[in-house]
Amino acid sequence: MLFNQFSRTAEAAAALRAWGAMTPQGRAVFHDPHALRLTSRRWRARLKNSAQRKLLMDGLLRWMHPIAAQVLTRSHHAELHLKTAVAGGVGQYVIVGAGLDSFYWRRPAWARSLAVFEVDHPATQAMKRARCAASALLGEPWWVTADFERESVADALRRSSFDAGQPAFFAWLGVTHYLKPAATRATLAALAEVAAAGSALVFDYSVPPSQITLNDWPLAAGLGVLTAALGEPLVGGLKPDALAAWAAETGWIVMDDLAGPPAGELRLPQLTRLAHWRRA
Ligand SMILES: C[S@@+](CC[C@H](N)C(=O)[O-])C[C@H]1O[C@@H](n2cnc3c(N)ncnc32)[C@H](O)[C@@H]1O
């Protein structure tokens, strides 16, 4: 992403969650009632006006429905795994590249029982903090800034009250697509450095162009053009077997790596995968 610019794809992901919250199929997968107020003013205006929403989401951006399904599904799955981790005694939740994720305000009782850390690019986090204040969202997670292309997320977490001696659950959603593979590998290794035994990680990643099915090529092309126009080109294609090798090298165990977890009635594209790892 551009050095000084907050993430426009974070606003787009929140807009897709906001739109999901307005449709029965979307709500059935993941319901985020705070997404609308956290996204940009422009997205908010378009989504709130039913005629504009229809024109945009059922017309111009209809091709993005599978991406919306993916955005909703990844959040749903991360929070399912979080629930299991918490039942197993994990008390720290680290949302890596949090964007406009609303967990802390959407699930207040749950969030207050955990130490919640949001790690993000400084420009995106500053934008989010301003929006939370403007939306009168009460309470705050621990804020931690890091640019994953330039610094170690472990060093960033060590600057906070994160306790590397206690297990944690890490969610890293919608980020690796925009990082060069070397930065993704470095971040996986850095997370392992601060992940005590019993920790787990859920993240999604894009497969390389050679593994995209013909059916999904138009979607991949559209998404590539859109994210590049937003200043966040897709540079992170990774092969599942290469990633499994990285897991072993960096101290993680692959629990599962799914192409298309069930998303109710929504069709999921096969452009991305969802991985669940545990600390070795
Ligand atoms: C598409 S958004 C996803 C946000 C959120 N996890 C979600 O699921 O909606 C991409 C996120 O990656 C973060 N990001 C991208 N490149 C980054 C970098 N080099 N360092 C830190 N964060 C980065 C952006 O700030 C943004 O929050």
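The values are calculated or read from the model by the stated rules, or taken from the named source; none is laboratory data. Note that the coordinates shown come from a computational prediction; the quantities given were computed from them, not determined experimentally. Virtual Cβ from ideal backbone geometry, glycine too; neighbours counted across all protein chains shown.
Some points to look at:
- Any hit, segment 102-117, residues being within 20 Å of the chain's Cα centre (by Cα), modelled with pLDDT under 95, closer than 26 Å to Arg278 by Cβ and not hydroxyl-bearing (Ser, Thr, Tyr): yes
- Residue count, segment 191-214 (criterion: touching a residue at least 24 places away in the same chain (Cβ under 8 Å), more than 18 Å from the chain's Cα centre (by Cα) and part of a helix (DSSP H, G or I)): 5
Let's see how each residue does on (1) within 25 Å of Thr227 (Cβ to Cβ); (2) out of contact with any strand residue (DSSP E or B) (no Cβ under 7 Å at 6 or more places or on another chain); (3) more than 14 Å from the ligand (Cβ to nearest atom); (4) of a type in the set (Val, Ile, Thr):
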position: Thr145; (1), (2), (3), (4): yes, no, no, yes
position: Arg150; (1), (2), (3), (4): yes, yes, no, no
position: Ser161; (1), (2), (3), (4): no, no, yes, no
position: Val202; (1), (2), (3), (4): yes, no, no, yes
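- Residue identified as out of contact with any helix residue (DSSP H, G or I) (no Cβ under 6 Å at 6 or more places or on another chain) and within 10 Å of the ligand (Cβ to nearest atom) among Met127, Met64: Met127
- Any hit, segment 100-110, residues being in contact with a strand residue (DSSP E or B) (Cβ under 6 Å, 6 or more places away or on another chain) and more than 8 Å from the ligand (Cβ to nearest atom): yes
- For first residues located in segment 233-258 and closer than 14 Å to Ala189 by Cβ, partners that are of a type in the set (D, E, K, R) and lie 6+ apart or on another chain with Cβ distances below 8 Å form the pairs Leu243/Asp257; Trp246/Arg185; Thr250/Arg185; Gly251/Arg279; Trp252/Arg278; Trp252/Arg279.
- Considering segment 47-73, and only residues there that are in contact (Cβ under 8 Å) with a residue 60 or more places away in the chain and within 17 Å of Glu11 (Cβ to Cβ), the residue that is surrounded by the most Cβ atoms within 10 Å (Cβ to Cβ) turns out to be Leu72.
- Some residue of segment 170-179 being within 20 Å of Leu274 (Cβ to Cβ), more than 16 Å from the ligand (Cβ to nearest atom) and either in a strand (DSSP E or B) or free of Cβ contacts under 8 Å to residues at least 40 places away in the same chain (or both): no
- Looking only at residues in segment 30-58 that are under 24 Å from the mean Cα position of the chain (by Cα) and assigned to a loop (DSSP other than H, G, I, E, B), the one that is farthest from Ala78 (Cα to Cα) is Ser40.
- Considering residues of segment 117-153 that are among the acidic types (Asp, Glu) and either without any contact (Cβ under 8 Å) to a residue 12 or more places away in the chain or part of a loop (DSSP other than H, G, I, E, B) (or both) only, the residue farthest from Ala182 (Cα to Cα): Glu140
- Taking the listed residues Leu114, Leu80, the one that is within 22 Å of Leu16 (Cα to Cα) and either in contact with a Phe, Trp or Tyr (Cβ under 9 Å, 6 or more places away or on another chain) or more than 9 Å from the ligand (Cβ to nearest atom) (or both) is Leu80, with no other qualifying.
- Yes/no for Ala156 being surrounded by fewer than 22 Cβ atoms within 10 Å (Cβ to Cβ), outside any strand (DSSP E or B) and in contact with a Ser or Thr (Cβ under 9 Å, 6 or more places away or on another chain): yes
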